[in-house]
Amino acid sequence: MWTDRNLPFRELVDAAPDGLIVCDPQGKITLVNAEAERMFGYARDELLGQPIETLIPQRSRPGHQQHLAEYTAAPRLRPMGSELDLRGYRKDGSEFPVEISLSPIKTERGLLITAGIRDVTDRRQLERDNKRANAYLVSAVDAVQEAFTLYDEHDRVLMVNSAARLLLGSSAAGSIVGRRFDEVLGAALSSGVFDFSNETRETLYQRWLAYHQAPSGTLEVRTGTGRYLRVTECKTADQGTVSTIADVTDDVLRADELGQARETAEAASAAKSEFLSSMSHELRTPLNAILGFAQLLERDRKRPLDDRQLERLGHVLRGGEHLLRLIDDVLDLSQIEARRITVSSEPVGLAEVLTEVVHTLEPMATRAQIHLEIAAIPPALPRVIADRTRLAQILMNFGSNAIKYGRTGGHVTFRVEPRGELLRIAVIDDGIGIPEDKRDKIFEPFQRAGQEVGPIEGTGIGLTISKRLAELMSGSIGFASQVGRGSEFWIELAVHRAPTSEQVGIPAAQLATSPLAAGAFAHTIVYVEDNPANLAFMRELIEELTSVRLLTAPSAEIGLEIIRTHRPAVVIMDINLPGMSGFEAVKHLREWPETRDIPVIGLSAAALVKDTTRAKEAGFYRYLTKPVKVAELTRTLEELLIGPAAPR
Ligand code: ADP
């Protein structure tokens with residue numbers, strides 16, 4: 001049978017992971033195992049028979065004999081892990097921390113004492129490292145300005161920094177660590193720190209508790225001194241909770257200030273827009289007279305001007321038109337900047353818009369001796385999503401630039417190209433081109449790419465407006481250019497996906513300029529206008545159209561009477577009238593059966609988009625802005641009196 005007597009004793013002792021030393025009651029060493037040899041740096045024979053004090057630092061030796069005597073008198077098992085700071089003393093004189101367990105063994109030769117010795121150098125180092133890391137953590141958390149609290153999985157405070165102690169614990173007697181969250185919160189809310197003018201203590205308590213239980217986002221609370229606190233909590237992986245409370249008063253106040261500043265700025269911007277709008281009215285009324293009468297002078301058949309006078313008049317007209325464009329552009333830009341304009345998104349047929357644009361540009365092109373054309377439009381062309389009027393405005397801008405900066409005898413071509421889900425409408429010229437170093441600023445307001453010193457008139461705002469409008473319509477614009485060879489400006493817009501019947505190209509004949517038809521009809525037109533200069537201008541204009549009789553009224557009230565009595569073929573109505581406005585007047589006309597079908601042309605100096613929209617909604621046949629363009633007015637009248645299908 002296998003018994004412990006058979007165990008190879010020496011090997012067993014040497015296999016022990018701890019050092020093992022046995023000594024007699026006098027402290028003489030009688031057994032040393034391999035680990036003890038390694039630990040103290042002695043060979044076994046050097047230690048056997050030596051006093052145990054050999055292995056103890058010099059300073060601890062004097063009292064040791066005494067300890068030994070006491071232990072021998074009352075021997076007992078003393079396990080490891082004592083809090084004593086015991087040290088081993090190596091042969092080379094170095095020391096190391098040890099833990100020692102003592103056990104007495106009674107033998108025939110008397111009492112022996114066994115010491116199990118463990119080198120705890122590594123563990124002590126680890127403990128020191130841990131302690132240091134912990135101290136770092138505590139001081140770091142304490143240095144955080146926000147109140148920081150860590151709750152364990154039982155919702156008890158595990159760690160808290162000074163700021164949190166100040167905020168939450170000022171009224172809590174004793175340490176805050178170890179308390180439950182609801183206790184801490186209750187005490188904090190009773191401390192008088194928080195503001196209860198907007199909600200009761202109980203409501204805040206419940207609100208905070210609910211947030212703590214399922215934190216999402218942040219929780220805002222106010223202190224009695226008017227500070228704003230933001231509580232942010234999140235759960236830790238082991239079901240604890242981290243809570244921080246930050247003072248965000250400065251942020252809140254700054255946001256308030258910003259909000260107020262924005263309101264003030266918006267109010268100022270609105271005031272600026274209103275100012276520009278009324279200013280434009282004031283500027284356009286005298287311009288109306290200047291341009292209107294200048295045009296009449298120019299075409300006066302009874303007393304035609306001589307060449308010299310015509311040339312000078314030409315300067316007046318061009319200067320006036322330039323001023324008008326400038327007023328319109330500045331107004332438009334200020335409206336866009338103030339985000340006061342809205343654009344519609346509707347399916348727009350490009351053939352129609354291009355015809356209209358080219359038709360309008362034709363006289364300008366003829367004057368500049370430039371050939372204007374629309375390249376063949378691809379078959380089955382879909383419509384685009386855009387604001388019809390604004391798209392026309394952009395294309396007019398591209399087109400008039402192409403003519404202005406074009407070459408005498410040259411060409412300007414409007415071309416439509418499908419590009420995936422987009423359609424590109426390009427305006428191509430063979431003109432002067434744009435110098436490379438000027439190209440990056442071309443869309444900025446008042447930048448004229450070197451043309452500010454040239455003879456070609458312009459404001460430098462057209463492309464800025466075009467770009468902003470294109471963006472408002474979710475489109476984009478761009479260009480390519482070569483100095484001396486020409487430029488290509490384009491706009492790209494999204495395609496309208498619904499099937500469309502508008503798939504035809506534009507017959508070339510349609511592009512021919514329309515000659516003003518001299519109607520052989522007798523028609524009555526009523527013009528409602530309070531400004532005598534405008535009335536005089538219209539009278540002279542209509543005089544030229546021999547088939548038309550003009551009746552005028554200085555106010556809407558009188559105008560309505562005249563219209564009801566005479567039932568004219570067309571009414572021309574100023575919008576800004578004393579007393580009843582043009583809008584109100586047209587409303588009445590639409591209500592009465594005898595006047596319901598009479599087309600009314602609205603005339604106004606305010607070129608603001610919102611007015612255009614209002615005019616259309618109010619039931620005007622068309623809306624013309626002052627100063628009246630003679631050709632535009634006569635064309636509209638022609639359309640109404642002879643019919644839209646009239647040969648051109
Ligand atoms: P402007 O009223 O000066 O024409 P725009 O904003 O329409 O203002 O255009 C800005 C500048 O871009 C113009 O002054 C001109 O130098 C340049 N530009 C625009 N279109 C063309 C073009 N087709 N060919 C050459 N230069 C052009």
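Coordinate-derived values only; no laboratory data. What you see is a predicted model; the values in this text were computed from it and never measured. Cβ coordinates were reconstructed from backbone atoms using ideal geometry, including for glycine residues, and neighbour counts include every protein chain displayed.
Taking other C-beta atoms within 10 Å as the exposure proxy, ASP597, ASP251, ASP329 rank ASP597, ASP251, ASP329 from fewest upward.
Treating only the Cβ of Lys, Arg, Asp and Glu as charged (+1, +1, -1, -1), what charge dipole size does the chain show about its Cα centre? Round to the nearest 20 debye.
My answer is approximately 360 debye.
Protection proxy ranking for 64-73, 113-122, 373-382, using the average of other Cβ atoms within 10 Å per residue and placing the highest first: 113-122, 373-382, 64-73. Listed by chain and number, the aspartates and glutamates placed with their C-alpha closer than 20 angstrom to that of LYS272 are GLU263, GLU282, ASP328, ASP329, ASP332, GLU337, ASP611; residues fewer than eight positions away on the same chain are left out. With the simple model of a label 7 Å out from the Cα in the direction of the Cβ, ILE456 to SER103 spans 10.7 nm. Each part reduced to its alpha carbon centroid, segment 284-360 and segment 103-161 end up 90 Å apart.
Using Cα centres only, tell me the gap between segment 189-266 and segment 424-473 in whole Å. If we compute the Cα centre of each part, the gap is 52 Å.
With the convex hull drawn around the C-alpha atoms of the chain, the volume per residue stands at 373 Å³. Using 0.36 nm per residue and subtracting the Cα-Cα separation, the extra length available between LEU551 and ALA214 on full extension is 113.5 nm.
Taking 0.36 nm per residue of separation and subtracting the current Cα-Cα distance, fully stretching the chain between ARG308 and PHE9 would add 93.9 nm.
Between ARG123 and GLU561, residue separation times 0.36 nm minus the direct Cα-Cα distance comes to 146.7 nm. Computed over all pairs of different Cα atoms, the Kirkwood value for the hydrodynamic radius of segment 257-404 is 18.8 Å.
Legend: distances between Cα atoms for LYS587/LYS616; LYS467/LYS629; LYS28/LYS106; pairs beyond 19 Å are LYS467/LYS629.
Adding -39500 (n - 2.57) for every DSSP H run of four residues or longer, then dividing by how many residues the chain holds, sets the calculated 222 nm ellipticity at -13500 deg cm²/dmol.
Spin-label model, GLU346 to ASP85: label points 7 Å out along the Cα-to-beta-carbon direction sit 9.2 nm apart. Cβ crowding within 10 Å, taken as a proxy for footprinting-reagent exposure, orders LYS91, LYS106 from fewest neighbours to most as LYS106, LYS91. A crude spin-label estimate for the pair VAL177 and GLU444, with each label 7 Å from Cα along the Cβ direction, gives 6.2 nm.
For each of VAL483, VAL184, VAL384, count neighbouring Cβ atoms within 10 Å of the residue's Cβ, then give the residues from fewest to most.
Ordered by Cβ neighbours within 10 Å, fewest first: VAL483, VAL184, VAL384.
With R₀ fixed at 30 Å, the C-beta to C-beta distance from ASP250 to ARG207 puts the FRET efficiency at about 0.80.
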